[in-house]
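Structure first, then comments.
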Amino acid sequence: MKNVLSWILIAFLTVSLLNNCLSSSVQKEIKQKTSFLAELRRLYSSGDSSKWPKPILDPEAIPYFAEIGHLPEMQFPTDNPYSEDKALLGKTLFFDPRLSQSNQIACASCHDPELGWCDSRTFSFGHNRQIGIRNAMSILNAGYAKSLFWDGRATSLEHQSEMPIQDVREMNGHIDLAAGKIAKIKGYETLFEKAFGNKTVSKDRISKAIAAFERTVKSGTSRFDQFIDGKAEIYSDDELMGLHLFRTKAQCMNCHSSGYFSNNQFENIGTSLLGSKQEDLGRYLVTKRIEDAGKFRVPGLRETTRTGPWMHNGSMTTLTEVIRFYSRGNPEHSQQRSTVHQGITLSSEKSGFVRLLDLSDEEISQLEAFLRTLSTQPEKVSLPVLPQ
């Protein structure tokens, strides 16, 4: 009996010691995590990005890398300087369906300010209810893009603004005919005179006015901007960790850098679906370079919570789905990696930036929490009165 009591006492003391050790270990871990988060919060909210932890970048990303931060001032080209009158004319034209052949489709039909300046559809409807072949990109912050559309076929907003008017699937007009229609509307005379000095209507002036307006469609101050400017407590711990993961383990910075959160390059992430009915050759259709097959423009991530569905084909409907896609490195199906186009064999060569990251569910949630801080409250946009 005495031996039994001794063993019970020993077991009790052992369990107590283990509990104390475990409790001490947990407390130490919590203390270390708290200290780590406090240090991250101090560094990232310091107002000085040179103090931030070093980002994890592939060597191939370095030539196009710029640290994330505030959006810079919008730059207007020397041959199309900003004026309030020109932007008002451009806004009016942007909302005017008379630029289309049917007089029913405006630029704003696919780029609705209440829907993040896109239309929340997988593919947009155009002339005669034709369905487009790619997801409509938002025009929010488009003035920071160095090329426009998913394949970069437009080199400026002036160039871009003409294309939907002439696209048979979209507005199905002709820029010269559209200019002729606008010239016959007497109410436009004053707007053109204020914007350009005289009443002459031309396709060049229509393009410049719309582009001038589109450059004014930009993000306001986000919670991210406030945080890095010193409002340290505006971020939750999850949002803070999401920012850190974005710059380090998740390797998002390889493509999504600068205040625009894009490196303005083209990447193949394995979504071209070559050899299937949904195949899209992407950048190749513009450059005809074999290595560009399946490449698409890297979009900026500001306002991303407002601009879904995502990807060039609108195939993803939640940010969680998008992040999981990258975490898994997109195991592209082998039967969808090649095609023959106009007698030329093309293959999908997925970017080395897209590889298995194996992020945990918590890390995926934290990344999404951070991305949500890049969006701002939609501003109420007053619709212009269309001239008669």
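Shown here for the range 129-168: trypsin sites (Lys or Arg not before Pro) in loop regions (DSSP other than H, G, I, E, B) with at most 13 other Cβ atoms within 10 Å, namely LYS146. All other residues whose Cβ lies under 11 angstrom from that of ARG372 are scored, Lys and Arg at +1 and Asp and Glu at -1, for a net of -2. Amide H contacts under 5 Å for ILE68: SER258, restricted to partners 5 or more places along the chain or on a different chain, H placed in the peptide plane at 1.01 Å from N.
Amide hydrogen proximity for SER348: with H placed 1.01 Å from N in the peptide plane, the residues at 5 or more positions away or on another chain lying under 5 Å are SER338. Summary: within the chain, the longest segment free of GluC sites (Glu not before Pro) located in DSSP loops with at most 11 other C-beta atoms within 10 Å is 74-378. Ignoring aspartates and glutamates fewer than eight residues from LYS277 along the same chain, the ones with Cα atoms less than 18 angstrom from its Cα are GLU332.
Past 25 Å, Cα to Cα: identify those pairs from LYS146/LYS194; LYS91/LYS194; LYS146/LYS203; LYS208/LYS350; LYS186/LYS208, in the order given.
Check vs 25 Å cut-off fails for LYS146/LYS194; LYS208/LYS350.
Is the range 171-311 best put as rounded, prolate or oblate by its Cα gyration tensor, with a ≥ b ≥ c the root eigenvalues, rounded for a/c under 1.5, and otherwise prolate when a/b is larger than b/c, oblate when not? In terms of gyration-tensor shape, oblate. For the chain, the equivalent ellipsoid derived from the alpha-carbon gyration tensor has semi-axes of 50, 26, 18 Å in decreasing order.
Treating each Cα of the range 227-382 as an identical point scatterer and ignoring solvent, apply the Debye formula and state log10 I(q)/I(0) at q = 0.09, 0.11, 0.19 Å⁻¹. Evaluating at q = 0.09, 0.11, 0.19 Å⁻¹ gives log10 I(q)/I(0) of -0.34, -0.49, -1.21.
Sequentially through the range 297-311, phi angles give Karplus couplings (6.51, -1.76, 1.60; θ = phi - 60°) of 5, 6, x, x, 9, 5, 6, 4, 5, 9, 10, x, x, 10, 6 Hz, Gly and Pro residues having no value and appearing as x. Across the range 110-127, rounded Karplus estimates of 3J(HN,Hα) from the backbone phi angles (6.51 cos²θ - 1.76 cosθ + 1.60, θ = phi - 60°) give 9, 10, 7, x, 7, 10, x, 6, 9, 9, 6, 9, 4, 10, 7, 8, x, 4 Hz, Gly and Pro being marked x. What angle, in degrees between 0 and 90 and rounded to the nearest 10, separates the Cα long axis of helix 237-247 from the longest principal axis of the Cα atoms of the chain? The angle comes out at about 70 degrees. For the chain, carbon and sulfur atoms together expose 54% of the accessible surface, with a 1.4 angstrom probe and every protein chain in place. Under 5 Å between amide hydrogens, built in the peptide plane, is the criterion, and for THR271 it picks out nothing among residues at least 5 positions away or on other chains.
Helix 84-94 sits at what angle to the longest principal axis of the chain, using alpha carbons and giving 0 to 90 degrees rounded to 10? Its long axis makes an angle of about 90 degrees. Sequence-ordered 3J(HN,Hα) estimates for the range 223-230 from the Karplus curve with 6.51, -1.76 and 1.60 and θ = phi - 60° stand at 5, 4, 4, 5, 5, 6, 8, x Hz, glycine and proline given as x.
For the range 70-209, a/c is not less than 1.5, where a ≥ b ≥ c are the root eigenvalues of the C-alpha gyration tensor, and a/b does not top b/c. That puts it in the oblate class. Report the FRET efficiency, 1/(1 + (r/R0)^6), for ASP85 and HIS159, where r is their Cβ-Cβ distance and R0 is 22 Å, rounded to 0.05. The formula returns an efficiency of 0.50 here.
The values are calculated or read from the model by the stated rules, or taken from the named source; none is laboratory data. None of the values given here were measured: they were computed from a predicted structure. Neighbour counts are summed over all protein chains in view; Cβ atoms, including those assigned to glycine, are modelled from backbone coordinates with ideal geometry. Quick note on the areas: whole protein, heavy atoms, side chains included, nothing else; ligands and nucleic acids left out. Shrake-Rupley method; radii C 1.70, N 1.55, O 1.52, S 1.80 Å.
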